[in-house]
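Please find one structure pasted underneath; my questions will follow.
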Amino acid sequence: MINVTCFKCRRRFDLDPVFVGAELRKLKMEHPRHYQAICPHATPPTRWSVAEMQDELDAVADEIGSAGPEQAKAAAEARERAQAAAKEKADKKEKEPARGKR
């Protein structure tokens, strides 16, 4: 597991190196320099250097090659959950009454 800290909320979370490697292979760039990880607590993505994660990615290179449709389905579900959470947060913010000055 790749242990990272969110730049916005400063909470630590783990990234699965197999998932990260599979996502990096999907990119159209031949040698990507950054991976955008989405913090489960804060909505905006955080950029992580691929060079910092290279040791962990090399260790699971065989598994990355075998990652298939299940990985893509899990990624799509994760994106949908993150978008739903962001929408819910925005809706909740809209429903709050405006506070005026006294």
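Under the rule of -39500 (n - 2.57) per DSSP H run of 4 or more residues, summed and divided by the residues of the chain, what mean residue ellipticity at 222 nm is obtained, to the nearest 500 deg cm²/dmol?
-16500 deg cm²/dmol
Label K93 and A42 with points 7 Å out from Cα along Cα→Cβ: what is the distance between them in nm?
Spacing of the two 7 Å Cα→Cβ label points: 1.4 nm.
Please compute the net charge surrounding G21, taking Lys and Arg as +1 and Asp and Glu as -1 over other residues with Cβ under 11 Å from its Cβ.
-4
Could I ask something else about it? For K95, give me every one of the lysines with a C-alpha distance below 30 angstrom, ignoring sequence neighbours fewer than eight places off in its own chain.
Filter leaves K8, K87.
Then there's this: So how do M53, M29 rank on accessible area, 1.4 Å probe, biggest first, that is with the largest at the start?
So, going from the largest accessible area down, we get M29, M53.
Normalising by the residue count of the chain, find the relative contact order in percent from Cα pairs under 8 Å and 6+ residues apart.
It rounds to 23 percent for the chain.
Let me ask something else. Using the Cβ atoms and a cut-off under 15 Å, what net charge is assigned to the surroundings of V4, where Lys and Arg are +1 and Asp and Glu are -1?
-1
Let me ask something else. Summing +1 for each Lys or Arg and -1 for each Asp or Glu, what net charge is found among the other residues whose Cβ lies under 10 Å from the Cβ of A42?
Summing Lys/Arg as +1 and Asp/Glu as -1 gives +3.
To the nearest 0.05, what FRET efficiency results for R12 and E63 with a Förster distance of 25 Å applied to their C-beta separation?
Result of the calculation: an efficiency of 0.60.
Could you tell me what % of all Cα pairs in the chain have separations over 19 Å?
Every Cα pair in the chain considered, those over 19 Å come to 52 percent.
The values are calculated or read from the model by the stated rules, or taken from the named source; none is laboratory data. What you are looking at is a predicted structure, and each value in this text was computed from that prediction instead of being measured. Because the Cβ atoms are built from the backbone with ideal geometry, glycine has one as well, and the counts that use them run over all protein chains shown. Surface areas here come from the heavy atoms of the whole protein model, side chains and all, with no ligands, DNA or RNA. Shrake-Rupley method; radii C 1.70, N 1.55, O 1.52, S 1.80 Å.
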